[in-house]
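> Before I ask anything, here is the structure I am working with.
The values are calculated or read from the model by the stated rules, or taken from the named source; none is laboratory data. In this text, all values refer to a predicted model and were calculated from it rather than measured experimentally. Here Cβ is always computed from backbone atoms with ideal geometry, including for glycine, and neighbour counts include all displayed protein chains. Protein only, heavy atoms only, side chains kept; ligands, DNA and RNA dropped before computing areas. Shrake-Rupley method; radii C 1.70, N 1.55, O 1.52, S 1.80 Å.
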Amino acid sequence: KRAHAMLTNLREVTKDQLIEAVYMMKQYGFRLATITCTDTENAIDLLYQFDKLYVFHNIRLRLERGKRAPSISNIYFAAALVVNEIKDLFGVQFYNLAIDFEGRFLLSERAPQTPFAKSHLPGIGLDVRAQEHGSDTSGQ
């Protein structure tokens with residue numbers, strides 16, 4: 001029987017609580033490790049991961065699809081990079097970004113928009129080879 005892995009040191013917040021929770025992490029000397037995004041089809045989960053002395057603390061924001069999230073880039077400037085990546089790949093909209101690349105941080109004008117958003121994926125992954133080379137990649 002396999003044990004289920006559990007995320008430790010997790011605090012769930014609303015978008016109204018996020019900035020205060022992140023600011024507290026900064027005040028206590030935590031560094032921002034990363035922000036991950038999971039599209040659950042029903043909502044978007046943003047997991048903010050912080051580290052201090054090799055111990056991770058996590059803040060999870062469950063965002064309703066179509067709602068905007070506050071950017072933490074005014075607290076942790078490096079978050080501007082990760083937030084723009086999430087915006088490009090998942091289509092999550094943020095407000096109060098320190099730097100906004102307006103959907104062109106990772107993706108070119110010809111790239112598929114928000115390729116990791118489940119609303120755009122017919123299955124697992126997205127095969128753009130046919131678009132790039134005009135060939136059939138279905139294997140038939």
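> Within the range 65-94, can you find the residues that are under 11 Å from the mean Cα position of the chain (by Cα), small (Gly, Ala, Ser) and not in a loop (DSSP other than H, G, I, E, B)?
Ala69, Ala79
> Separate question: Can Glu102 be described as at pLDDT 70 or above and either open to solvent by 80 Å² or more (accessible area, probe 1.4 Å) or over 12 Å from the mean Cα position of the chain (by Cα) (or both)?
So Glu102 passes the test.
> Also, quick follow-up: Answer yes or no as to whether Arg62 is open to solvent by 100 Å² or more (accessible area, probe 1.4 Å), under 21 Å from Ala117 (Cα atoms), assigned to a strand (DSSP E or B) and free of Cβ contacts under 8 Å to residues at least 60 places away in the same chain.
Judged against the criteria, Arg62 is a match.
> Output the residues belonging to the range 65-88 that are open to solvent by less than 20 Å² (accessible area, probe 1.4 Å) and among the hydrophobic types (A, V, I, L, M, F, W, C).
If the condition is that a residue be open to solvent by less than 20 Å² (accessible area, probe 1.4 Å) and among the hydrophobic types (A, V, I, L, M, F, W, C), then Ala69, Ile72, Ala79, Ala80, Val83, Ile86 are the ones that fit.
> Only residues in the range 8-27 that are touching a residue at least 12 places away in the same chain (Cβ under 8 Å) count as the first member; pair them with residues that are open to solvent by 80 Å² or more (accessible area, probe 1.4 Å) and of a type in the set (Phe, Trp, Tyr), Cβ under 9 angstrom, at least 6 apart or cross-chain, and list the lot.
Here the result reads Thr8/Phe56; Asn9/Phe56, each pair linking the range 8-27 to a residue that is open to solvent by 80 Å² or more (accessible area, probe 1.4 Å) and of a type in the set (Phe, Trp, Tyr).
> Continuing with this model, one more query. If you scan the range 32-88, which residues turn out to be of a type in the set (Ser, Thr, Tyr) and in contact with a Leu (Cβ under 6 Å, 6 or more places away or on another chain)? Steps first, answer last, please.
Taking the range 32-88 and keeping what is of a type in the set (Ser, Thr, Tyr), we get 34, 36, 38, 40, 48, 54, 71, 73, 76.
Scanning the range 32-88 gives Thr36, Ser71, Ser73, Tyr76.
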